[in-house]
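Colleague: Can you keep this structure in mind? I'll have questions shortly.
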Amino acid sequence: MVSLEVAPCSMDAAVDALRRGELVGLPTETVYGLAADATQDDAVAKVFAAKGRPQLNPLIAHVASAEAAAELVAWPPEADRLAATHWPGPLTLVLPRRAHCPVSLLASAGLDTLAVRVPRHPVALALLSAFGRPVVAPSANRSGRISPTSASDVIAELGAAVAVVLDGGLCDVGVESTVIGLLGGPPVLLRPGGVTREVVEAVVGPLAAPNVADTLRPHSPGLSDSHYAPALPVRLNATRPQGREALLAFGDADPSGFARTLWLAAPGDGHDVVTAAARLFRLLRAADALDVERIAVSPLPDKGLGEALNDRLRRAAAER
Ligand code: TXA
Ligand code: MG
């Protein structure tokens, strides 16, 4: 692995890099993004190439305000209500592109929709304001691997591809944004994430599941099986060890017999899924570096942020 030092890079250097069509490692409250100028086809193409991402998986356009988002996509009342309650924050809205939307069609991956989000991390907001144009930013990991939650993770994953990494510290939410489709009909939960289903439903009513016709397209990692995958195999709902395993422990888990234990949230943390989310990807990376056969994970509740945690873990454990 590369050894890493994260130089504190100025905002100006990051803005210049984006203007030149280069890639920037961008801290957000969810995970670090691999940012590029969304209006330059070549820059957007570089994002797909650097990640090894399938061209059919669309990207999120990040902007500094709801007003800026509404210039890119159709803006129904539900979008207004969700933006008013959750932006800036870990929520992404998928809406029909406007006719003269300046975002590269590559970002939409052949769909007539675009995902938009206003992140709340102060470094992300500062960059978006200074740059003044939409920025695509998928999670800054190689496609299918664990999402990065620190600047050094970004350098380890994609150091050769980025011109600048802005160091904004550890991501406090720790799982990606919730993705909601607003395409006529009931709002659709395309990916559970940092804003819980319960909280979104309080604003726009019950969320539908993606329909079968939609699932024929790989429009969300939610529908491609293996993702967020460490090198080691992952075993879910583990209560007793099976061989030499590292345990990602939660709540009142009994760690006896496991080779190593990393606590997602200990009893003293109040069985807290919020704490567990903030630590999940960091501890998966840490466990992956241990001398064990497998990573075992305690059962996690499915309520609140638990829905997103279990979603990521199911895919970390999925057959490759
Ligand atoms: O928290 C986040 O959302 C992070 C930070 C960096 O903002 N970004 C992120 O991007 O997770 P990415 O590319 O790893 O995931 C974007 C998700 C994928 O599930 C993608 O399929 C879905 O959003 N998506 C993007 N555009 C879409 C569209 N037009 N229709 C349906 N799904 C879309
Ligand atoms: Mg991702």
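Colleague: For the stretch 38-71, how many residues meet the condition of being open to solvent by less than 10 Å² (accessible area, probe 1.4 Å) and within 24 Å of P88 (Cβ to Cβ)?
Modeller: 9
Colleague: Let me ask another. Counting only residues that are surrounded by fewer than 20 Cβ atoms within 10 Å (Cβ to Cβ), outside any helix (DSSP H, G or I) and in contact with a strand residue (DSSP E or B) (Cβ under 9 Å, 6 or more places away or on another chain), how many does the stretch 265-290 have?
Modeller: Residues in the stretch 265-290 being surrounded by fewer than 20 Cβ atoms within 10 Å (Cβ to Cβ), outside any helix (DSSP H, G or I) and in contact with a strand residue (DSSP E or B) (Cβ under 9 Å, 6 or more places away or on another chain): 4 in total.
Colleague: Filter the stretch 190-206 for residues that are under 28 Å from P148 (Cβ atoms) and away from ligand 1 (no atom under 11 Å from the Cβ); which is surrounded by the fewest Cβ atoms within 10 Å (Cβ to Cβ)?
Modeller: E198
Colleague: Next question, about the same structure. Mind checking whether some residue in the stretch 32-45 is modelled with pLDDT of 95 or more, assigned to a loop (DSSP other than H, G, I, E, B) and β-branched (V, I, T)?
Modeller: Yes, that holds for at least one residue.
Colleague: From the residues in the stretch 138-160 that are touching a helix residue (DSSP H, G or I) at 6+ places or on another chain (Cβ under 8 Å) and closer than 21 Å to S104 by Cα, which one is nearest to ligand 2 (Cβ to nearest atom)?
Modeller: Looking at residues that are touching a helix residue (DSSP H, G or I) at 6+ places or on another chain (Cβ under 8 Å) and closer than 21 Å to S104 by Cα, I get P138.
Colleague: Which of the residues belonging to the stretch 242-257 are of a type outside the set (A, V, I, L, M), open to solvent by less than 40 Å² (accessible area, probe 1.4 Å) and either under 23 Å from E319 (Cα atoms) or not in a loop (DSSP other than H, G, I, E, B) (or both)?
Modeller: Scanning the stretch 242-257 gives E245, F250.
The values are calculated or read from the model by the stated rules, or taken from the named source; none is laboratory data. These numbers come from a predicted model, not from an experiment. Reconstructed Cβ throughout: ideal geometry from the backbone, glycine too, with neighbour counts over all protein chains shown. Keep in mind that these areas ignore ligands, DNA and RNA; they rest on the heavy atoms of the full protein, side chains included. Shrake-Rupley method; radii C 1.70, N 1.55, O 1.52, S 1.80 Å.
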